[in-house]
1. List the helices (runs of 4 or more DSSP H) that sit entirely inside region 64-144 and contain at least 1 residues that are at pLDDT 95 or above and not small (Gly, Ala, Ser).
2. Name the one entry in 50, 96, 42 that is closer than 21 Å to residue 119 by Cα and of a type in the set (S, T, N, Q).
3. Filtering region 1-31 down to residues that are among the acidic types (Asp, Glu) and within 23 Å of residue 129 (Cβ to Cβ), which residue is surrounded by the most Cβ atoms within 10 Å (Cβ to Cβ)?
4. How many residues are of a type in the set (Gly, Ala, Ser) and open to solvent by less than 40 Å² (accessible area, probe 1.4 Å) when one looks only at region 55-80?
5. Test residue 34 against the criterion of being more than 15 Å from residue 92 (Cβ to Cβ), of a type in the set (Val, Ile, Thr), open to solvent by less than 70 Å² (accessible area, probe 1.4 Å) and not in a helix (DSSP H, G or I), and give yes or no.
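The values are calculated or read from the model by the stated rules, or taken from the named source; none is laboratory data. Please read all numbers here as calculations on a predicted model, not as lab measurements. Counting neighbours? That spans all protein chains shown, and the Cβs are built from the backbone with ideal geometry, glycine included. To get the accessible areas, we keep the full protein, side chains included, count just its heavy atoms, and leave off ligands, DNA and RNA. Shrake-Rupley method; radii C 1.70, N 1.55, O 1.52, S 1.80 Å.
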Amino acid sequence: MDRALDAILRRVKKLDRKHDIPYLAGYSEDGKTIYIDRHLPTSFVFRGRTIEVDRFLILHEEVEKTLIDQLGLHYLHAHQIATRAEEAAIHAQRITWKAYDRFMQKYVKRIGDERLTKVPEDLDLKPYRDYHDYDLLHRMQQHLARDKTLAASKKAELKSYAAAFREELRDQQRHAAPADSARRSKVVSKKTSAARSAKAKPKRAPAERVKR
């Protein structure tokens, strides 16, 4: 596993730790740059050992990007496979996934609460689009809209994704409305039938309980 990981690391053309990256890591559209969030520490301590984390994140992003671009997998499927590879690499270093994930999740939450002030303009947006994280994409859109140097194509892409999310949300609401209405009608119908039945039948005295 170590040799396989080293082989993947040698293929990385550029590692960038100067930007704000949602969910800690990502990649450029052409796959030549791996981005790791600038706020994430490069290491953590596990049982007295200093564990460098970049190599595991790079493995995840490289596997994920390759599966999406070369095999056409949906992001969520590629992400699951990449996570399993990342987990195997963690275990090969005699690190528990629980400790590694606890460290990562702490910074995901912290970074997720901050404003995105330095988003790379060539960041691949497919994961955020496929993950249907509309709120996050909207914040990125607001930031990138203020960037005067950003290419018009990137702004158009963000606008297109946001419009697609809004349309999907409207479709979900339209589909949910008839179902909710039907459920409410059934409840009202049952209550009405029960009321009519109660009026038609005389109430019986409650039976005595038998002690056992």
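1. Filter on region 64-144 gives 75-92, 97-112.
2. 42
3. My answer is 20.
4. Here the count works out to 1.
5. It is true that residue 34 is more than 15 Å from residue 92 (Cβ to Cβ), of a type in the set (Val, Ile, Thr), open to solvent by less than 70 Å² (accessible area, probe 1.4 Å) and not in a helix (DSSP H, G or I).
Each row is one residue, and each column tells you yes or no for (1) buried (at least 16 other Cβ atoms within 10 Å of the Cβ); (2) farther than 21 Å from residue 130 by Cβ; (3) basic (Lys, Arg).
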site: 47; (1), (2), (3): no, yes, yes
site: 53; (1), (2), (3): yes, yes, no
site: 82; (1), (2), (3): yes, no, no
site: 90; (1), (2), (3): yes, yes, no
site: 106; (1), (2), (3): no, yes, yes
